[in-house]
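The values are calculated or read from the model by the stated rules, or taken from the named source; none is laboratory data. This one's a predicted model, so the numbers in the text were calculated from it and none came from an experiment. Heads up, the Cβs are rebuilt from the backbone with ideal geometry, glycines too, and the neighbour counts pull from every protein chain shown. The accessibility values were calculated without ligands, DNA or RNA, using every heavy atom of the protein model including side chains. Shrake-Rupley method; radii C 1.70, N 1.55, O 1.52, S 1.80 Å.
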Amino acid sequence: MIPLRALLAASGLEVPPGIADPPVERAVYDSRRAGPGALFVAIGGTRTDGHLHALDAVRRGAVAVVAERPPSPEVPAGTPLVLVRDSRAALAPLAARLCGDPSRRLCVAGVTGTDGKTTTVTMLHAAWRGAAVAAASLSTVDFRTLDRVDPNLLRQTTLESADLHERLAGLLAAGCTHVALEVSSHALELNRVDEVDVDAAVYTRITSEHLDFHGSRDAYREAKAKLAERVAARGGGIAVLDGDDAYGMARLGRIPVSRRLVYSAAGEPGADLRATRVEAGPGGVRLAAETPWGPVELALRLAGRFNAANALAALGTACATGAALADAAAGLERLERVGGRMERVDLGQPFSVVIDYAHTAEALRTVLGELRAATAGRLWAVFGSAGERDVEKRPAMGEVAARLADAAVLTDEDPRGEDREQILEAIAAGALEAGMRRDDNLFLVPDRASAVAKAVGSALPGDTVLLAGKGHESCILTAGGSVPWDERAAAEEAVRRWLGDHGD
């Protein structure tokens, strides 16, 4: 525990004159998690405002409140109240101090970009473990502590700062020395990774996403750049950059980090890690590369040519942070799958079913392009677009499907409070303009289970069915709340029905 006054001072916050000085054990931002010794920090949210719940936190035992304005309803007289300009910005140092600043004793690699973050984080963990590094990872899909894997059920790419620092403290206590952390643009803008000492800023390709939040593609890139700028400001760190991403390099390449590693799956001369051969097939990706630590050959079990870039990013980061090249490569080769990323469903059917998290136009283009080359028959795409998010990407996704797939079934992703039919019509507009025909090779089926059944039930031998947008996620967010969902289970059920209908 830390006395409140000392905690505020150590966190760079003004100590109000005459404020009481109760001992503080932990910082919380959810009043339901408050208890004796808690410091409640009232932050605004998308669905509610913490200032409305400060009284509830105090009633549950919170010893003090940090807020941007006096809470309503009012907290009891005598409750220490600290007013700050930005509660989120205050939460991070408070949580870090209370947890003992765990990241200062860890080697933290933050991975950001648009697509491939989760896979790169998981690959980096595998590369470190291959070299016997006591590593952990925190990603959209799961939390890995050494060789233990727990699913991430929170539907949050990067945890709120209070949760993140507590988890980092737990990893340190578990004996971990290295952590691969998936970092979203929201996290960088909303102070979630403030006070995390990042040693390596690792970038996958930057395209366009979350423009509803950031306002423009350049502003989105600027948010991403904050990770490398954080490393540069600390000194002694490294940035690992995608040399094939001209848009990202134009900004990131100018940030004065102590060390820079550039990787290129396209084999660009001058890259520090440069692929000299990439061969992709249904069983995985084989690549050869030149690196600062010598030549290497990899036989990845993960499908998708694009995973060559993710592997080079992970390999470079692992070796730059202490792993031997051969050991890191062996770790990468042992990685069997990343949940919901180019995940195949094979029950013996004569066509392919692939689950992937692709939920942007660029990601859909990449995955469909990969599958197009490997598909002898027709290529089906089942996908949607999130409600209350990125409205402008919907017709672009429809256009991509029309250009690369033979048939598309548009369905729910997470409609939230938006009209699900309107979301699908917006996607369909792009597909129709690019040449698809409604009820011929373009179908609108809002219920996702029915959409999966439609595509799989229509498949012929040699076809491929891509189920995109949900990946590992365990629910669909609707106006009525969260609905349980399992993409793989739905796919397997549809395949079994197909096999039953086509049996001897």
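Could we say that Glu421 is touching a Lys or Arg at 6+ places or on another chain (Cβ under 6 Å) and either farther than 25 Å from Ser216 by Cα or not in a strand (DSSP E or B) (or both) here? Spell out how you get there, then give the answer.
Numbers: touching a Lys or Arg at 6+ places or on another chain (Cβ under 6 Å): no; either farther than 25 Å from Ser216 by Cα or not in a strand (DSSP E or B) (or both): yes.
No: the conditions fail for Glu421.
Of the set (1) within 20 Å of the chain's Cα centre (by Cα); (2) crowded, with 16+ Cβ neighbours inside 10 Å; (3) part of a helix (DSSP H, G or I), all apply to Met249 but (1).
For Arg104, the stated conditions hold: it is modelled with pLDDT of 95 or more, farther than 30 Å from Gly339 by Cβ, open to solvent by 10 Å² or more (accessible area, probe 1.4 Å) and in a helix (DSSP H, G or I).
Sort out for me the strands (runs of 3 or more DSSP E) sitting completely within region 256-365 that have 2 or more residues that are out of contact with any Asp or Glu (no Cβ under 7 Å at 6 or more places or on another chain) and open to solvent by 70 Å² or more (accessible area, probe 1.4 Å). Break it down into steps so the answer makes sense when it comes.
On the way: elements: 259-264, 273-281, 284-291, 294-300, 352-356.
So the answer is 259-264, 273-281, 294-300.
Might you check whether a residue that is part of a loop (DSSP other than H, G, I, E, B), open to solvent by 20 Å² or more (accessible area, probe 1.4 Å) and modelled with pLDDT of 95 or more occurs anywhere in region 38-48? Checked against the condition, which is being part of a loop (DSSP other than H, G, I, E, B), open to solvent by 20 Å² or more (accessible area, probe 1.4 Å) and modelled with pLDDT of 95 or more, region 38-48 yields no hits at all.
Every residue in region 456-504 that is part of a strand (DSSP E or B), farther than 16 Å from Gly387 by Cβ and open to solvent by 40 Å² or more (accessible area, probe 1.4 Å), please. So that I can check it myself, show each step before the final result.
So the first thing to find is which residues in region 456-504 are part of a strand (DSSP E or B), and the list is 464-468, 475-478, 481-484.
Imposing the further condition that a residue be farther than 16 Å from Gly387 by Cβ reduces the set to 464-468, 484.
Matches in region 456-504: Pro484 only.
Condition check ((1) touching a Pro at 6+ places or on another chain (Cβ under 6 Å); (2) more than 15 Å from Val108 (Cα to Cα)) across all residues:
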residue: Leu168; (1), (2): yes, no
residue: Leu171; (1), (2): no, no
residue: Leu190; (1), (2): no, yes
residue: Val202; (1), (2): no, no
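Based on this model, can you work out whether Val121 counts as in contact with a strand residue (DSSP E or B) (Cβ under 6 Å, 6 or more places away or on another chain), in contact (Cβ under 8 Å) with a residue 24 or more places away in the chain and buried (at least 23 other Cβ atoms within 10 Å of the Cβ)? Yes: the conditions hold for Val121. Could you give me the residue pairs with C-beta distances under 9 Å whose first residue belongs to region 36-56 and is in contact (Cβ under 8 Å) with a residue 12 or more places away in the chain and acidic (Asp, Glu), whose second residue is assigned to a helix (DSSP H, G or I) and surrounded by 18 or more Cβ atoms within 10 Å (Cβ to Cβ) wherever it lies, and which are 6+ apart or on separate chains? From region 36-56, the pairs are Asp56/Ser31.
Only residues that are open to solvent by 40 Å² or more (accessible area, probe 1.4 Å), in contact with a helix residue (DSSP H, G or I) (Cβ under 7 Å, 6 or more places away or on another chain), of a type outside the set (A, V, I, L, M) and free of Cβ contacts under 8 Å to residues at least 60 places away in the same chain were counted across region 384-432, and they come to 2. When the test is whether a residue is part of a helix (DSSP H, G or I), open to solvent by less than 10 Å² (accessible area, probe 1.4 Å), among the small types (Gly, Ala, Ser) and over 19 Å from Leu298 (Cβ atoms), Ala127 does not pass it. Of all the listed residues (Lys454, Lys393), the sole one being under 27 Å from the mean Cα position of the chain (by Cα) and among the basic types (Lys, Arg) is Lys393. Looking only at region 9-37, residues that are part of a loop (DSSP other than H, G, I, E, B), open to solvent by less than 40 Å² (accessible area, probe 1.4 Å) and aliphatic (A, V, I, L, M) come to 3 in all. Exactly one residue out of Arg205, Arg155 is assigned to a loop (DSSP other than H, G, I, E, B), open to solvent by 20 Å² or more (accessible area, probe 1.4 Å) and touching an Asp or Glu at 6+ places or on another chain (Cβ under 6 Å), and it is Arg205. The set of residues from region 59-101 being more than 16 Å from Asn191 (Cβ to Cβ), part of a strand (DSSP E or B) and open to solvent by less than 30 Å² (accessible area, probe 1.4 Å) comprises Ala64, Val65, Val82.
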